[in-house]
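For reference, the structure is listed below as structure tokens.
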């Protein structure tokens, strides 16, 4: 089993996460931020990662940021040297009137390009800037290249949820074991 555990305690937050890449999509998530919990559970459900997450802190922004860091670090730990994985993943996901796509490269070169086309200042109780900060912090702590875009949609909730589902499915594909590959999936021999 590929499992990553991360504990992060700062003056602002306390986060404990366990992520099992080879899970069944079971999520036990408690951050105290309902919509954010929903997004993390969405990642678990569609990536089939088991995620146990407890987080608390002084400010919502700090909780979201530190969860992103810990989620990326736990997946990074679970993947180890990334030997034998597919490495690349992509998905296109509709949710009602919205359409989103995600492309992932687990290359260990962190980069992130995204546009979720969120029109409101936030969704439910989560500011737009915190959703964007989550995606970027997650990509950099995972050490992955992530492109995440909403093509179109009218409902901001649907746009973000479609994007997170697409990200989850792209990650699911990228972390799969490639039965034909026994080494690092790179012409350089390292990632």
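Remarks
- Calculated [222 nm] ellipticity per residue, helices only, for the chain: -12000 deg cm²/dmol; basis is -39500 (n - 2.57) per DSSP H run with n ≥ 4, divided by all residues, nearest 500.
- Of 81, 66, 58, the residue with the greatest mean-square motion in the GNM of the chain, using alpha carbon springs below 10 Å, is 58.
- Selected from 85, 40, 177 as most flexible by GNM, with the chain as the system and alpha-carbon contacts under 10 Å: 177
- Here each label is just a point 7 Å from Cα along the line to Cβ, and for residue 90 and residue 155 those points are 2.8 nm apart.
- Available extension along the chain between residue 24 and residue 59 is 9.5 nm, counting 0.36 nm per residue and deducting the alpha carbon span.
- A Förster distance of 35 Å, applied to the separation of the beta-carbon atoms of residue 121 and residue 8, puts the FRET efficiency at 0.80.
- Cα gyration tensor category, rounded, prolate or oblate, for segment 80-191 with a/c compared to 1.5: prolate
- Cα convex hull of the chain - mean projected area over all directions, nm²: 10.1 nm²
- Sequence-separation-based contact order of the chain, relative, with Cα cut under 8 Å and 6+ spacing, percent: 26 percent
- For segment 1-68 versus segment 107-145, the gap between their alpha-carbon centres in whole angstrom: 15 Å
Any read-out appearing in this document is the output of simple, stated calculations on the displayed coordinates, not a laboratory observation. Since the structure is predicted, the reported quantities are computational estimates derived from the model, not experimental observations. Positions of Cβ are backbone-derived with ideal geometry, glycine not excepted, and every protein chain shown enters the neighbour counts.
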